[in-house]
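Worksheet: one structure, shown below.
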Amino acid sequence: MEKVLEEVLEENQVLAKHGKVASYIPALSKVNPNHLGICIIDANGNTYKKGDCEVKFTIQSISKVIGLMLALMDNGEKVFEKVGREGTEDPFNTLYKLDLPYIKKPVNPMINAGAIATTAQIKGDKIKRILELIRDITENLNIDYSREVYLSEKTTGEKNKAIAHLLRARGMIDEEPDEALDHYFKQCSIEVTACDLAKIAIFIANGCKGLKSYGEINRKTLSRNLLAIMTMGGMYNISGQYAAEVGVPSKSGVGGGIMAAVPGRMGIGIFSPPLDENGHSAAGYGIMKSLSRRLDLSIF
Ligand code: DON
């Protein structure tokens, strides 16, 4: 495995040179584009790492999986009365369909609109509970959110503000839009490492075994929903292409992370900040393709 990791990193690192670090959230443009790391944890708990897998970066959209986990634990599958679980050909920050009269809810929890509508369903102190859940799963008590990235997104995230206000105007969220946004921006700013992502991924891949309480849902239904929705929408409008080329339930974030859960087998966390034209880590995507081929990871 050590040799496989070394080779897939070497084969794909050039892809980072063709990508661009996200700059629409100003604080993200400061990250070092040369960081590249991978961590894999198998079902027996063996950990394999290579490169910058202990460097912290913001989780961004990968937090949508955790938000969905908590919303399902709080409400069971009633969550899907307010957000769909279908695929989409639209990018992550799509807005226009929310204003079509026949659209009653965002298409899935992986696009920004769907994530805001999902987080809005978490009970109590949302960010505290999201942080606690990630700390529990990763056994990393230092997990917190970056105030700098949070404020950077809060002061510039006009598109997300438009989405939240449209959601409210159309009655798709009950919460005040600015409050819903505040939680969403905070959850996106949570700092993790590639190894933290691998721990979350193996937790999901292992049928969400290990939590003290699952609230309103049983753990098999929880993990099946997470894996299915990651497969259908985790890579947004190229989820179908990714399913064919990689075939592993995954979620990416504009911070450069990819989290991939191979059911019953392994959790993978990758970090490389430069993004491709669809907003996914360019080297991360390449690494997932190589790994899937070499280790026969596709679920299809
Ligand atoms: O809402 C945003 O635009 C960011 N906080 C998260 C977007 C993101 O990570 C898209 N993923 N590839």
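Expected output is a single nm value to one decimal: the length gained when fully extending between Glu132 and Asn218, i.e. 0.36 nm times separation in residues minus the C-alpha distance. What is it?
Result: 29.0 nm gained on full extension.
Fewest neighbouring Cβ atoms within 10 Å first, the residues Tyr48, Tyr184 line up as Tyr48, Tyr184. With all pairs of separate Cα atoms included, the chain yields a Kirkwood hydrodynamic radius of 18.7 Å. Taking N as the residue count of the range 189-285, its C-alpha radius of gyration divided by 2.2 N^0.38 Å amounts to 1.06.
Restricting to Cα atoms and excluding each atom paired with itself, what does the Kirkwood estimate give for the range 105-186 in Å? Every distinct Cα pair counted, the radius reaches 13.3 Å. Rounded to the nearest Hz, the phi-derived 3J(HN,Hα) couplings of the range 28-33 under the Karplus curve 6.51 cos²θ - 1.76 cosθ + 1.60 (θ = phi - 60°) are 6, 5, 7, 6, 6, x, where x marks glycine and proline. Under the convention that each Lys and Arg Cβ holds +1 and each Asp and Glu Cβ holds -1, the size of the dipole of the chain around its Cα centre is about 440 debye.
Helix 194-205 and the longest principal axis of the Cα set of the chain meet at an angle near 70°.
Only Cα pairs under 8 Å and at least 6 apart count here; give the relative contact order of the range 125-284 as a rounded whole percent.
For the range 125-284, the relative contact order is 20 percent.
Cross-link reach is defined here as a Cα-Cα straight distance under 23 Å, omitting same-chain residues fewer than 8 places apart; for Lys159 the lysines meeting it are Lys20, Lys30, Lys64, Lys82, Lys97, Lys104, Lys105, Lys126, Lys186, Lys251. Rounded to the nearest 10 degrees, the angle from helix 219-233 to the longest Cα principal axis of the chain is 90 degrees.
At a Cβ-Cβ separation cutoff of 4.7 angstrom, cysteine residues of the chain with no neighbouring cysteine are Cys188, Cys208.
Please give the length that would be gained between Glu158 and Tyr24 if that part of the chain were fully extended, namely 0.36 nm times their separation in residues minus their C-alpha to C-alpha distance (nm, one decimal).
Using 0.36 nm per residue and subtracting the Cα-Cα distance, I get 47.2 nm.
Stretching the chain fully between Thr47 and Arg294 yields a gain of 87.1 nm (0.36 nm per residue, less the alpha carbon separation).
Label 7 Å along Cα→Cβ of Leu100; the range 232-251 residues with amide nitrogen under 16 Å? Residues passing the 16 Å test: 237. Taking Ala22, Ala244, Ala164 in turn, the Gaussian network model of the chain (Cα-Cα springs below 10 Å) assigns the largest fluctuation to Ala244. Computed over the Cα atoms of the range 15-172, the ratio of the radius of gyration to the Kirkwood radius (Rg/Rh) comes to 0.98.
Label point of Glu148 set 7 angstrom out along Cα-Cβ; within the range 26-50, amide nitrogens under 11 Å from it belong to 27-32. The Stokes-Einstein estimate for the range 2-105, based on a Kirkwood radius over Cα pairs and taken at 4 °C with 1.567 mPa s viscosity, is a diffusion coefficient of 73 µm²/s. Excluding same-chain neighbours fewer than eight residues apart, the aspartates and glutamates reachable from Lys78 by a Cα-Cα span under 16 Å are Glu86, Asp174, Glu216. Exposure proxy shown here: for Phe203, Phe300, the number of other Cβ atoms within 10 Å sets the order, fewest to most, as Phe300, Phe203. Annotation for the range 76-153: GluC sites (Glu not before Pro) lying in DSSP loop with at most 16 further Cβ atoms inside 10 Å of their Cβ are Glu86, Glu89, Glu139. Give the aspartates and glutamates whose C-alpha is closer than 12 Å to that of Lys17, dropping any in the same chain fewer than 8 places away, or say none. Excluding near neighbours in sequence, the set is Asp276.
Return the whole-Å distance between the Cα centroid of the range 234-300 and the Cα centroid of the range 7-44. About 12 Å separates the Cα centre of the range 234-300 from the one of the range 7-44.
If each DSSP helix of 4+ residues adds -39,500 (n - 2.57) and the sum is divided by the residues in the chain, what number results at 222 nm, nearest 500 deg cm²/dmol? Spell out each step's value before the answer.
On the way: 11 runs with 133 residues, N = 300.
Rounded to the nearest 500, it is -14000 deg cm²/dmol.
In percent, how large is the relative contact order of the chain, given Cα pairs closer than 8 Å and 6 or more residues apart? This gives 29 percent for the chain.
No value in this document is a laboratory result; all are computed from the given coordinates. Predicted model only: the values in this text are computed from it and were never measured. Heads up, the Cβs are rebuilt from the backbone with ideal geometry, glycines too, and the neighbour counts pull from every protein chain shown.
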